[in-house]
Structure formats: structure tokens, C-alpha cells
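The structure under discussion appears below in the form of C-alpha cells.
The values are calculated or read from the model by the stated rules, or taken from the named source; none is laboratory data. Since the structure is predicted, the reported quantities are computational estimates derived from the model, not experimental observations. Positions of Cβ are generated from backbone atoms using ideal geometry, with glycine treated the same way; all protein chains shown enter the neighbour counts. With ligands, DNA and RNA removed, areas are computed over all heavy atoms of the protein, side chains included. Shrake-Rupley method; radii C 1.70, N 1.55, O 1.52, S 1.80 Å.
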Amino acid sequence: MDQLLQLTVVGLVVGCVYALTATGLVVTYTTSGIFNFAHGAIGMLGAFSYWQLTVKWHWPVLLALPVVLLVLAPLFGATIERIVMRPLHGASVDVTLVITLGLLLFFLGAANYFWDQGQTRVLPELLASWKPVDIGGVVVTWGQIIIVLAAVGVAIGLRFLFSTTRIGIAMRGVVDDPDLCAMSGASPARIQQLSWAIGAGLAALAGILVAPKVGMSALQLTLLVINGYAAALFGRLKSLPRTAVGGLLLGLLVSYYPVYVAPHLPFSTTFGQLEKAVPMIFLGVLLLFLPSARLRTATTVGRVAPTVPGLRQSLAGGGVMIVLAIALASALSSANLLIAGGMFISALSLLSLVLLTGYSGQTSLCVLTFFGLGAFAMAHSGTSPLGLVWGGLLAAAAGMLVALVTARLRGLYLALATFAFAKGMDVGFFNFKLGSGQSLQLKRFELPLIDTSSEKTFFFLTVVVFVVAAIGVLAVRRGRWGRQLTALNDSPAACATLGVNTTITKVVVFTASAGIAGVAGAMFGAQQEIITPSQFDVLGSLALLLALRIGGINTITGALFGAFTIGLFPEMPQILGHFGVTLPDKVQLTFLLTGIAAISIGRDPDGLGGQVSKLGLRLRQQFGSSSTPAAPSYEEATLVHG
Amino acid sequence: MSTVDLETYVPHIDHQYDPRDPEVALYVDEVSVRFGGVQAVSAATIACLAGQVTGLIGPNGAGKTTTFNVITGLEAPTSGKVFLGNEDVSGLTPYKRARKGLARTFQRLEVFGTLTARDNILAAAEFRRGWSKDKSNPRAVADQIVERVGLQHVQHERVDMLPTGLARLVELGRGLATHPRVLLLDEPASGLDMAESEALGDLLIDLAQEGIAVLVVEHDVDLVMRVCDRIHVLDFGRIISVGFPKDVQADPAVQAAYLGAED
Amino acid sequence: MAAPALELKGISAGYGRIEVLHDVSLSVPAGTVYALLGPNGAGKTTTMLVASGYVRPTAGCIHVAGSHVNRVAPENLAKAGVCRIPEGRGIFPNLTVNENLRMFTYSSPFSTSEVQEKSYARFPRLGERRNQLAGTMSGGEQQMLAMSRALVADPGILLLDEISMGLAPKIVSELYELVGQLAQEGISILLVEQFARTALAVSDYAAVMTGGRIAMVGQPADVADFVNEAYLGGAA
Ligand SMILES: Nc1ncnc2c1ncn2[C@@H]1O[C@H](COP(=O)(O)OP(=O)(O)OP(=O)(O)O)[C@@H](O)[C@H]1O
Ligand SMILES: [Mg+2]
């Protein structure tokens, strides 16, 4: 009995933390339509600023707290809105997701710069000097009580704001139609700025309250909010009271799980070890069983529909690429060949996203999970080249399963479901099977007549696989299927009333895309000859999506650009070094560059590939009219690239 | 058949036809839909005959679009059945109904915005080729339909750039590309100018003459009266009148609920 | 004599490189109803967008009640009394009817309860559905809600873009009655419609637009003749 009470109290406190973070997410989502991955990072910065003021500069708490919560954080939120979010109205789900991911990385980089993460910092709990209270044998600190009070206060305050005040109603209304908002005489920019300010304030509040418990680790604080996703989803990203309840339920579940739930499950030892995956499982289950809520439909703002090269052109392009690869292979050192090969492997996995997200508009955040499954299959295939096939098939099977289970989800819900899947697989499969922090050795497959152990040959092989896949993807795009995918993306309802089985279409695309990612993973395993679970992490999948957005979401060129960009970022310090530029260690260039790149996407969602397309279009219009028929049809129109 | 006598008429039943009649292409059998506290449709019965244009009119919020959603399977009715060509399709998903020859347009546009007008129609023709036995060339079908609905001048423009009226024609063309036996049109003329809606009226009559059963929801009364063979009037989810255009127009119940005073 | 409620002088405007309006001039005298007619794609909606500050003209100037407003932001124009009811549905789909009305108080001299009272009196349907999400209402119900904004904004100039689209005839005649009443109260109205007859019946002046230019301006009766000629004579 004592234990139950104790677990309940702990669960409620944890639940309040979830509720608090989830509330911030929901506020931002309902008022801007953006699911803010960087919410935790903003909270982290809040906590660090608060630490700076109180611990470092010895400001009194009663001064520092309002300064951070009511001045710094809101200003910060308003600035984010002004610089990053304003151009994003009407952007597609994956754009908003990767941009907030970029912000997250940028803030992490900034935190590392200002607060060296090697150093340990302690943030005392609020009212730490007050005597803890004994509730039925459970000792509760005032810090914990404040968490509960804050969660309750925030819930009530926001409910009041959003349902009774005019500005609150305007904040909910503006997201659907800023123009109409202006027509009604309210400034959409002001209103959105206010909602970002409030969102940032809430993030900072949560950050300051939990930092004493979690510790002043930038990464930990940033990722903490992920567990709150389930609570936010419980409120269907809309209802604050339901979000709060979701948070509490999740807190209790997490707290009861090891004692009351896991032992009663089949395979209890396995499940007992999956404690960390509970919030993600909760999230997954919610997504599957909650009645689907009305989601904002995807829009097509600023989407160029680049035209696809014909078969002859793609074959020619592929040929050129292979010739270049031969030239490159003889010019590069082994180490550089590994890096270059790695880029093509990334490009191959980006190709799977071009098919899935670029063409058919489904946002998946688990591409690296399929990639990892491919590598895993390769690891179990010894030196047989069939490992590539098994890798592809295993990933495709997993992809089909995910697609079937998530068939009725779209947009952000689909993205979050794949997120939960990736996170669950991360904890429940890769870290579990391979062992956290462990690695798995594997052997490179062997082929008759070809010496795959030579880096040159293997690089060449990688390029060939990429080219074949790219020609295949383009062929899909060109034909009936490509149009069907676009149509499905634009209006699923219309497709259904025209006789298209939308579920099958979605499942087929998902499966094919997962298969490509699986082959990429198998190649990766063979190339690296060692894999570790952290390589298949969900944030990596997000980073890949980001890279593809930077490159250009719906072109082969985009996949290549994207892969080179992420391939180059980690090498940047070295490259700069060649030019005599050295940066201090604490500058995490990768993070900063990724962040900046992400922010730039907001200005132009078509990415580099899109730029190339537009340039090509302009050149064509100016010079090449002879090759363009007078009335170009969809397939033949505008421009060439690929 | 003349105007229904309100005293004796059981309002929700179309006495004249039966779902098993061979000329009935679509039969909506006492369909009701409830959204929370709102009874959007109550026991509405509608019969559409092959080769005729049937009108479905009624005040705003009467349940016309909801009825369309039920017919196409996008909305599940609280009770009632839908028959397509004498076959009960109530349990079928939208795409299966479409494959049985049902096509529609949407009041709130559902075009493929990033495709061109012609590609919208081409996509539909290709869908049909994918699921039907008829393997005629989708491109030829698309070109023919583009001309038929009068979209030649904008066929290569992206549909989200078109004015509403023309986008509605794209939806109509898309529906035609699946060679439907039953075609549902939700306010096809809204957003069209006079010349365009004139042409649309002629097209609807043509389509009916080819044997298609056309069911049209429209607030342009002149158009409705001109093209429809029979009209059903919905009010608060109930069928309040069924009959030939001139009778419906003269029905006091319809005037009170929908048309307003004659001017 | 009072300055015109709205005056466009030599306006050219468009989207990107495509010019839609070419040298359009029109003037809505204070307290009158001005109907702007014409076929699809003539540029009527763009004219509305220019007048309400959403599309910046590339040439020409806009005067509202005598002051030059070329560079004024839309929300400030709205506050200054330019009220546009857009084509399609000018409502917030994820807010309830009541909350939508609350939003309309931003540009209204009336209090929330007065706004509700006025709207529900005019459109009882809205009163019955006050807590329904606007996005789930039927097309026509949404249009009624959108029109309520014109009702409560007490605007200097009201821009109505195809308000009859998708409305039952009975409601259309009621709406036009409303337009007439608003005009009686001294509100100036610029009205865009495809269907000449209803619009001309309530207007004091009318113009026909084709291909981005004003083709003719005149008394409603003359314009009616012109339109009949163009549509019936020309289309055959
Ligand atoms: N999802 C929903 N939730 C609640 N009420 C709804 C929903 N969908 C429709 N309704 C209501 O059902 C009624 C019928 O709506 P429907 O769209 O079928 O009308 P309609 O006859 O097509 O009208 P209109 O001519 O204005 O388009 C309306 O009162 C509408 O408010
Ligand atoms: Mg309707």
C-alpha cells in the first residue's frame, strides 16, 4: 500500500512535468500549426540562463525568475517567430518539422558555446531550504510541489486565455487564415509573435523546474520534452485539459510500469527492460486508437513541381555519374573514398525519402530504422552479397507493417507515429539486440570476379547501386504512378472517389521506400564493417529529412545535394583548417551550420535542387525555346535535371 | 407525377420508384445522418434514373452535401442504404463504389492542385485504366474530355492557380474520365459566369442523353429548372417535395423554405 | 461634395510577372452601391484585393475617403473602415460561431454581445449553431457567418466579393435586402457579382470589367443592356 502511494505521488509529479512540457507544445501547435521539436531546447536555454543569473551572478531568485520567464524567454520566442517562423505559414509538415529540428541543433550548438558542457553545474531546486512535506509517508519536496502548482496554474491560466479572451481566440484563429485575421482588423504578425512568446515562456518555466532534477545537461534537457509528445497527442494537440490529463496518466503509467505492469506481461524480463520505451509505446498506441482528429490539410505553397527527365536523359545522367565515379575513384585516397562512398549511401537513403516524402507527401521519421534493419540483415549474412537482398526485404517488410498499421494517419500524425516507431525500435531493438554503446562487427560481402575489399571498387559499386535506384525512382515518377502519388498527396478524398485504393497505394510506396533504405543500410554495413545502435537513432532520421530539404525534396539532384551537405558538415573544421582557419573547440560547427541551413529552408522550401530547377527553367526560357514544345505537357515541360 | 400533397404524403419516400427498378441507377433509401446534436439528414429517399438529370435542391444546411458524402461512402449514415444500379453498396468503401461507376465533384474543391488541369483529368483516366477492363488510351480520353468541358485554354495551368469556377470544371472532367454511370455534382455552376454556366447546362443535358444518371446540387434555380428532369427538395434533412421542375417550383412548401417569394 | 468612399486611379496590378489589371479606374461615391460585373478571370477579385491592401498596385493610386492609402497594411486599412468579405468563406474554420463573431469585434464599434445580437437577429441559423465549429457548417451557413462581419463592422466602404455564391435563392434575396439596408444607412458598397440581375437591382452605379480593363461604366439600366448584349448576343 505504501508502495502504491509512493509510486502514485512520484507518478503525479512526473506527470505534471509531462503535462507542463506538453502544454507548451500544444500552445505552439494550436496557435501556429507548427509542432515545435525545439521546444525542449528553448526550455534548456531558459534553464541555463536562469542558472547563469542565479548561480553565476548571484541574482536573487525573485528577480531572476521573472526576468527569465517574463522578459528573456518571451523576447526570445518573439524573435524566433520574427526570423524563422513568419515565412512558414502554409508550409508542409516535413518543412516545419525539419526547421524546428534545425533550431534544436542550433540551440544545442549555442548552449555548448556559452556553457561548456564538460563542466558540471548544479541548479538548486526552488525553495530548497523549505522543509519537505510528508504526505502519508511519502516525502515531497517543495520543488515538487511547485511543479504541481505550476502545472495546475498554467493549465487554468491558458484555458482562461484561450477560451474567454479575445486575444486568445485570435491566437487560435490566426493559424488558419492570417489574411482574414488582418481583414478583421487584428495584426496576424503581432498575434503570432505573442503566441511564440507565450510558448517560449512555458518552455523556460518547464526547463527551470525540471533542471534541478534532470541535471544541467543541455542534451538531456532538450530531449526531455520528447516524452511529453504522448501527452500532447492525448489532447489531440488541441485540448489543454486533455493534455494535462494525458500527462498525468503517462506519469502514473511510467511510475507503475516496473512494479505493476511489466511483471504481468508475457516475456516479462524483456518488457521489464523496456521501461524507457513506455512513453513512446503510449504515444504509438494513442495514435492507433484515438479517433483521428481533423488535421490541417497539407498545402502546396511554394512547391515547384520539377519535371522529370525522360528515360534517355536519366540513363545518360547515370552514365555520366558512373564515369565521374571512375575518375574520382582513381583520384581519391582510401580514407576519402570511404567518406565519398558514405555520401552516396546517404544519397541512396535520401532517395527513399524522395519517393516517400517528396513524391507522395508522407512524412516519415524512421528512415534510419529501415536503414539499420538493412545493416542488421547484412551483418547476419556473412560474406554473401545476398545480404543486400535480405536487407532490402527485411526493411521492406518492416515498412509494410508500419504502413499497414498507420494506414489511416496523415501529415503530422503519421510523422509522429513513425517517430514513435523509430524511438521504440531504437530502445527495443537496436540497443537491445546490439547492446547500448556496443557495436557489431560485420564482413564485407564478396562477389565473383570483383574485389569488393578494395575501397575503389566498393566505391564504384556504391555509385552503381545509387544510379540504378535513381533511374528506378525516376521511372516511377514519370509514369502513371508518379501522377497517382501527387494526386494522393493533393487530395486523398478525391482519389478515393475516383476508384483509387488509397491504402494500398500508401502501403506500396512505404514498402518500396523502406526497401531502398534497407539496401542503403546493407551497403552501409558492408562498407563500414561495423555498426552501432546510435547510428540508427531517430534524430538521425530527422537530420536526413533536413538534409533532403536542404537539397530539394523532390528531385534526385536534391538527394545528392543533401547527402553531400550532411557529408561535408562534419568535415568542415578540417576543410577550414586547410585554409588556415581554426575554430575553438567549443564551436560545434556541425550544429550551427545545420541550424542555419534549416532556417534558410523557411525562406525557400524548394531547397538547392529547387534553385537549380528554377535556374534551369529561366535558362530554358531565355535560350532553349527550340527544345521546348509550344505547349509543354507535364512530363515534357520546363526543365531538365536529375 | 405532380407536387406531393403535404397532408397525405409520407415525406421521406419516393413512391414512384423502387431500388430494384431497372431504370434506377442510384437509389438513396431512407438515409439519416446525425452529427452530435445536429440531425443533418433524416430518412431521405432519392431515386435517380439513368438518362436523366435529377436535381437536389434545398436551403443552406439542408443536408445536400452530407447526402453526397453518404452516397460516395465518405460519411457513414446513421441509418439507411444506398443502391447503385440495383445493388446495395452501403457496406462498400469509397473506392469500390467508384469502381461500380459512381463519380462526384466537391463543393469545397478537392482538385489535385499541383497538377495541371489536363493532368488532373489524365490522372483520373489512368486510375480508371488501372481498375477497369476498358484499356482505352488515357491520353486520348483526357484530350477529349478537356475539350468537352471547355478547358482547352487553361489545360496546361496548375489547377490551384485557376479561378474556382474553372477548377469546378476540372473536377467535372475528372469525374467524367472514369466513365461513370452515376455522376454527382455539388454546385458545379457556382463561380461560373453566365456564358460558362450556360455551356455547363448544355453539357449536363448531353451527358444524360448518353445514359448517365446525373444528380446535381445547385442554387442557380434557372439552371436547375432548365436542365433537370425531376427534382427533389431537401429541407432540414427531409425530402419535402419531389416532382417535375414546374411542379416543384409551384409548390408552396418549396417556396417558403427555399425559393422565397416570387418576384 | 464629400470625397468618394473609394477611388482607384489608373491601377495596374498583378501577381509576379503576370499583370492582371491594366489601368483600372473607378470611383465609388460616398453612400452609394457600385456593382462591378464581368466574366470569370476579368480581374474583379484582384480589384478587390488591391482596394483592401492585399495586392500592391504597380501603378496608379488608391484613395479611401479622400486619403491616399497605397502603402497602408491590410489590417490598418481594415481598422480605417475598409471591410472586405472575400470570395469563398471568410471565416475561421477551427473557431466556433461565437468565437468567430468575437474576432469580428476587432474592427467593429460594437461590443461582443451587440455583435452577437445583431448577427443572430439577421441570421437565426447562426444563433442555433453558436457553439458549432464554423468549419463543420454547410457552405451557406459559413457564408452567412462571413456576412455577419459586414453587418457589424460599420465600415466606411464595404467590398463584397460574390456574396451570393453558393447561397439559396431565398437567402440571396435576403442578403441583397440587407445590402440595400446597409446602403440606406449610408454605407458605401462595392459589389462584385457574376450574375448581373440581382446585383444591378440594388446598385446606383455599375461597371463591366473584361480582360483586366473597365469595359463600360454607367447607370444600372444601361449596364444591364450592355451585359445582355455581350452575353447573349456575343456568346452565340
Ligand atoms: N462534421 C459536422 N459536425 C457537425 N455538424 C455538421 C457536420 N457536417 C455538417 N454538419 C451540419 O449538417 C447540416 C447539413 O450540412 P450540408 O453540408 O450537408 O448542407 P448543404 O445542404 O450541403 O448546404 P449548402 O447548400 O449550404 O452547402 C448543416 O447544418 C451542417 O452545419
Ligand atoms: Mg453543400
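Quickly run through region A:55-74 and pick out the residues that are in contact (Cβ under 8 Å) with a residue 60 or more places away in the chain and open to solvent by less than 20 Å² (accessible area, probe 1.4 Å). Can you show your working first?
Initial filter on region A:55-74 (in contact (Cβ under 8 Å) with a residue 60 or more places away in the chain): A:55, A:61, A:65, A:68-70, A:72-74.
Selection gives A:Val68, A:Ala73.
Looking at B:Val170, B:Val242, B:Val214, which one is free of Cβ contacts under 8 Å to residues at least 60 places away in the same chain, among the β-branched types (Val, Ile, Thr), more than 16 Å from ligand 2 (Cβ to nearest atom) and more than 12 Å from chain C (Cβ to nearest Cβ)? Even if it seems obvious, please write down each step before you answer.
Numbers: B:Val242 fails: free of Cβ contacts under 8 Å to residues at least 60 places away in the same chain; B:Val214 fails: free of Cβ contacts under 8 Å to residues at least 60 places away in the same chain.
Checking each option against the conditions leaves just B:Val170.
Table: residues versus (1) within 15 Å of ligand 1 (Cβ to nearest atom); (2) under 28 Å from C:Gly53 (Cβ atoms); (3) in the same structural domain as C:Val172 (by TED's automatic domain parsing).
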{"site": "C:Ser113", "(1), (2), (3)": "no, no, no"}
{"site": "C:Ser119", "(1), (2), (3)": "no, yes, no"}
{"site": "C:Arg122", "(1), (2), (3)": "no, yes, no"}
{"site": "C:Glu128", "(1), (2), (3)": "yes, no, no"}
{"site": "C:Gln132", "(1), (2), (3)": "yes, no, no"}
{"site": "C:Gly135", "(1), (2), (3)": "yes, yes, no"}
{"site": "C:Gly139", "(1), (2), (3)": "yes, yes, no"}
{"site": "C:Gln142", "(1), (2), (3)": "yes, yes, no"}
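Listed residues B:Phe35, B:Phe83; which is open to solvent by 50 Å² or more (accessible area, probe 1.4 Å) and of a type in the set (Phe, Trp, Tyr)? Quick ask: steps written out before the conclusion?
Details: B:Phe83 fails: open to solvent by 50 Å² or more (accessible area, probe 1.4 Å).
B:Phe35 is the lone residue from the list that is open to solvent by 50 Å² or more (accessible area, probe 1.4 Å) and of a type in the set (Phe, Trp, Tyr).
Which one of these is within 15 Å of ligand 2 (Cβ to nearest atom) and within 19 Å of C:Gln194 (Cβ to Cβ): C:Gly135, C:Gly140, C:Gly90?
Values: C:Gly135 fails: within 19 Å of C:Gln194 (Cβ to Cβ); C:Gly90 fails: within 15 Å of ligand 2 (Cβ to nearest atom).
Of the residues listed, the single one that is within 15 Å of ligand 2 (Cβ to nearest atom) and within 19 Å of C:Gln194 (Cβ to Cβ) is C:Gly140.
Does C:Leu200 satisfy the criteria of being open to solvent by less than 60 Å² (accessible area, probe 1.4 Å), touching an Asp or Glu at 6+ places or on another chain (Cβ under 9 Å) and outside any strand (DSSP E or B)?
On the way: open to solvent by less than 60 Å² (accessible area, probe 1.4 Å): yes; touching an Asp or Glu at 6+ places or on another chain (Cβ under 9 Å): yes; outside any strand (DSSP E or B): yes.
So C:Leu200 passes the test.
Among the residues of region A:374-391, are any buried (at least 24 other Cβ atoms within 10 Å of the Cβ) and under 16 Å from A:Val473 (Cβ atoms)?
No, because not a single residue in region A:374-391 is buried (at least 24 other Cβ atoms within 10 Å of the Cβ) and under 16 Å from A:Val473 (Cβ atoms).
Considering only region C:169-189, how many residues are within 16 Å of ligand 1 (Cβ to nearest atom) and surrounded by fewer than 23 Cβ atoms within 10 Å (Cβ to Cβ)? Don't jump to the end; show me each part of the working.
Taking region C:169-189 first, the residues within 16 Å of ligand 1 (Cβ to nearest atom) are C:169-175.
In the following step, the residues that additionally are surrounded by fewer than 23 Cβ atoms within 10 Å (Cβ to Cβ) were identified as C:169-170, C:172-175.
Result for region C:169-189: 6.
Filter region C:63-80 down to the residues that are touching a helix residue (DSSP H, G or I) at 6+ places or on another chain (Cβ under 8 Å) and within 14 Å of chain A (Cβ to nearest Cβ) and list them by number. Reasoning before the result, please.
Step one: list which residues in region C:63-80 are touching a helix residue (DSSP H, G or I) at 6+ places or on another chain (Cβ under 8 Å), which gives C:64, C:69, C:73-75, C:78-79.
Selection gives C:Ala73, C:Pro74, C:Glu75, C:Ala78, C:Lys79.
Within region B:173-197, restricting attention to residues that are within 16 Å of ligand 2 (Cβ to nearest atom) and away from chain C (no Cβ under 13 Å), which residue is nearest to A:Thr497 (Cα to Cα)?
Filtering region B:173-197 for residues within 16 Å of ligand 2 (Cβ to nearest atom) gives B:184-191.
Filter once more, so that each one left must be away from chain C (no Cβ under 13 Å): B:184-185.
On the way: B:Leu184: 11, B:Leu185: 13 Å.
Taking the candidates together, the pick is B:Leu184.
Looking only at region B:132-151, count how many residues are surrounded by fewer than 21 Cβ atoms within 10 Å (Cβ to Cβ), more than 10 Å from chain A (Cβ to nearest Cβ), in contact with a helix residue (DSSP H, G or I) (Cβ under 8 Å, 6 or more places away or on another chain) and not charged (D, E, K, R).
Within region B:132-151, the subset surrounded by fewer than 21 Cβ atoms within 10 Å (Cβ to Cβ) is B:132-137, B:139-140, B:143-144, B:147-148, B:150.
Applying the additional criterion that residues be more than 10 Å from chain A (Cβ to nearest Cβ) yields B:133-137, B:140, B:143-144, B:147-148, B:150.
This time we only want the ones that are in contact with a helix residue (DSSP H, G or I) (Cβ under 8 Å, 6 or more places away or on another chain), so: B:134-136, B:143, B:148, B:150.
Within this subset, residues satisfying the condition of being not charged (D, E, K, R) are B:136, B:150.
Counting residues in region B:132-151 that are surrounded by fewer than 21 Cβ atoms within 10 Å (Cβ to Cβ), more than 10 Å from chain A (Cβ to nearest Cβ), in contact with a helix residue (DSSP H, G or I) (Cβ under 8 Å, 6 or more places away or on another chain) and not charged (D, E, K, R) gives 2.
Determine whether B:Leu234 is without any contact (Cβ under 8 Å) to a residue 40 or more places away in the chain, within 16 Å of ligand 1 (Cβ to nearest atom) and more than 10 Å from every other protein chain (Cβ to nearest Cβ). Break it down into steps so the answer makes sense when it comes.
Details: without any contact (Cβ under 8 Å) to a residue 40 or more places away in the chain: no; within 16 Å of ligand 1 (Cβ to nearest atom): yes; more than 10 Å from every other protein chain (Cβ to nearest Cβ): yes.
Taking the combined requirement at face value, the residue does not satisfy it.
Name the single residue, out of those in region B:95-108 being within 13 Å of B:Leu185 (Cβ to Cβ) and in a loop (DSSP other than H, G, I, E, B), that is nearest to ligand 1 (Cβ to nearest atom). Show your work before the answer.
From region B:95-108, those within 13 Å of B:Leu185 (Cβ to Cβ) are B:102-107; that's our starting set.
Remaining after also requiring in a loop (DSSP other than H, G, I, E, B): B:105-107.
Numbers: B:Thr105: 13, B:Phe106: 11, B:Gln107: 6 Å.
In this case the residue turns out to be B:Gln107.
Inspect region B:51-58 for any residue being open to solvent by less than 10 Å² (accessible area, probe 1.4 Å), assigned to a loop (DSSP other than H, G, I, E, B), of a type outside the set (Val, Ile, Thr) and within 16 Å of ligand 2 (Cβ to nearest atom) and give the result as yes or no.
Kept after step one, since they are open to solvent by less than 10 Å² (accessible area, probe 1.4 Å), are these residues of region B:51-58: B:53-58.
Right, trim to assigned to a loop (DSSP other than H, G, I, E, B) and you get B:58.
Restricting the remaining residues to those that are of a type outside the set (Val, Ile, Thr) gives B:58.
Pick out the ones that are also within 16 Å of ligand 2 (Cβ to nearest atom) and you get B:58.
Within region B:51-58 (the criterion being open to solvent by less than 10 Å² (accessible area, probe 1.4 Å), assigned to a loop (DSSP other than H, G, I, E, B), of a type outside the set (Val, Ile, Thr) and within 16 Å of ligand 2 (Cβ to nearest atom)), the answer is yes, since at least one residue qualifies.
For C:Arg84, state whether it is open to solvent by less than 40 Å² (accessible area, probe 1.4 Å) and under 30 Å from C:Glu128 (Cα atoms).
Numbers: open to solvent by less than 40 Å² (accessible area, probe 1.4 Å): yes; under 30 Å from C:Glu128 (Cα atoms): yes.
Against the criterion (open to solvent by less than 40 Å² (accessible area, probe 1.4 Å) and under 30 Å from C:Glu128 (Cα atoms)), C:Arg84 qualifies.
Here is a check on your reading of the model: is A:Gln535 part of a helix (DSSP H, G or I) and either within 13 Å of another protein chain (Cβ to nearest Cβ) or open to solvent by 20 Å² or more (accessible area, probe 1.4 Å) (or both)? So that I can check it myself, show each step before the final result.
Values: part of a helix (DSSP H, G or I): yes; either within 13 Å of another protein chain (Cβ to nearest Cβ) or open to solvent by 20 Å² or more (accessible area, probe 1.4 Å) (or both): yes.
Yes.
(1) under 27 Å from A:Glu275 (Cα atoms); (2) open to solvent by less than 50 Å² (accessible area, probe 1.4 Å): which one isn't true of A:Met400, the others all being true?
In the conditions (1) under 27 Å from A:Glu275 (Cα atoms); (2) open to solvent by less than 50 Å² (accessible area, probe 1.4 Å), A:Met400 misses (2) alone.
Of everything in region C:130-141, what is facing chain B (nearest Cβ under 9 Å) and at pLDDT below 90? Give them in sequence order. Before the answer, list the steps.
Start the filter on region C:130-141 by keeping residues that are facing chain B (nearest Cβ under 9 Å), which leaves C:132, C:136-141.
The answer is C:Thr136, C:Met137, C:Ser138, C:Gly139, C:Gly140, C:Glu141.
All but one of (1) among the basic types (Lys, Arg); (2) away from ligand 2 (no atom under 16 Å from the Cβ); (3) within 14 Å of chain C (Cβ to nearest Cβ) hold for B:Arg129; which doesn't?
So the condition that B:Arg129 fails would be (3).
Take B:Val89 and tell me if it is buried (at least 17 other Cβ atoms within 10 Å of the Cβ) and either under 27 Å from C:Glu141 (Cβ atoms) or within 14 Å of chain C (Cβ to nearest Cβ) (or both). Steps first, please.
Values: buried (at least 17 other Cβ atoms within 10 Å of the Cβ): yes; either under 27 Å from C:Glu141 (Cβ atoms) or within 14 Å of chain C (Cβ to nearest Cβ) (or both): no.
No: the conditions fail for B:Val89.
Kindly list, by first and then second residue, each pair from a residue in region B:82-98 that is farther than 16 Å from B:Ala50 by Cα to a residue that is crowded, with 22+ Cβ neighbours inside 10 Å and basic (Lys, Arg), limited to pairs with Cβ atoms under 7 Å and residues at least 6 apart or on different chains.
B:Val89/B:Arg97
Report every pair of residues separated by at least 6 positions or lying on different chains whose Cβ atoms are under 9 Å apart, first residue within region C:155-168 and more than 13 Å from ligand 1 (Cβ to nearest atom) and in a loop (DSSP other than H, G, I, E, B), second acidic (Asp, Glu) and modelled with pLDDT of 85 or more.
C:Glu162/C:Glu193; C:Ile163/C:Glu193
Would it be correct to say that C:Ala224 is within 14 Å of the chain's Cα centre (by Cα), assigned to a helix (DSSP H, G or I) and away from every other protein chain (no Cβ under 11 Å)? Can you show your working first?
Numbers: within 14 Å of the chain's Cα centre (by Cα): no; assigned to a helix (DSSP H, G or I): yes; away from every other protein chain (no Cβ under 11 Å): yes.
For C:Ala224, the condition - within 14 Å of the chain's Cα centre (by Cα), assigned to a helix (DSSP H, G or I) and away from every other protein chain (no Cβ under 11 Å) - is not met.
Kindly list the number of the only condition in (1) within 23 Å of A:Thr31 (Cα to Cα); (2) open to solvent by 10 Å² or more (accessible area, probe 1.4 Å); (3) assigned to a helix (DSSP H, G or I) that fails for A:Arg236.
Tallying (1) within 23 Å of A:Thr31 (Cα to Cα); (2) open to solvent by 10 Å² or more (accessible area, probe 1.4 Å); (3) assigned to a helix (DSSP H, G or I), A:Arg236 fails exactly one: (3).
Counting just the residues of region C:29-43 that are within 19 Å of B:Glu196 (Cβ to Cβ) and surrounded by 23 or more Cβ atoms within 10 Å (Cβ to Cβ), which one comes out farthest from the other protein chains (Cβ to nearest Cβ)?
Within region C:29-43, the first condition is being within 19 Å of B:Glu196 (Cβ to Cβ), and the residues that meet it are C:36-43.
From the residues that got through so far, the ones that are surrounded by 23 or more Cβ atoms within 10 Å (Cβ to Cβ) too are C:36-38, C:42-43.
On the way: C:Leu36: 13, C:Leu37: 9, C:Gly38: 8, C:Ala42: 8, C:Gly43: 11 Å.
The selected residue is C:Leu36.
Limited to region B:96-110, what total is found for residues that are surrounded by fewer than 23 Cβ atoms within 10 Å (Cβ to Cβ) and more than 28 Å from B:Val221 (Cβ to Cβ)?
Qualifying residue count, region B:96-110: 4.
If I filter region B:61-75 down to residues being part of a loop (DSSP other than H, G, I, E, B) and surrounded by fewer than 24 Cβ atoms within 10 Å (Cβ to Cβ), which single residue comes out as nearest to the other protein chains (Cβ to nearest Cβ)?
Taking region B:61-75 and keeping what is part of a loop (DSSP other than H, G, I, E, B), we get B:61-63, B:73-75.
In the following step, the residues that additionally are surrounded by fewer than 24 Cβ atoms within 10 Å (Cβ to Cβ) were identified as B:73-75.
Details: B:Gly73: 8, B:Leu74: 6, B:Glu75: 11 Å.
The extreme case among them is B:Leu74.
Residues in region B:168-184 that are assigned to a loop (DSSP other than H, G, I, E, B) and small (Gly, Ala, Ser): how many? Break it down into steps so the answer makes sense when it comes.
Within region B:168-184, the subset assigned to a loop (DSSP other than H, G, I, E, B) is B:177-181.
Remaining after also requiring small (Gly, Ala, Ser): B:177.
Matching residues across region B:168-184 total 1.
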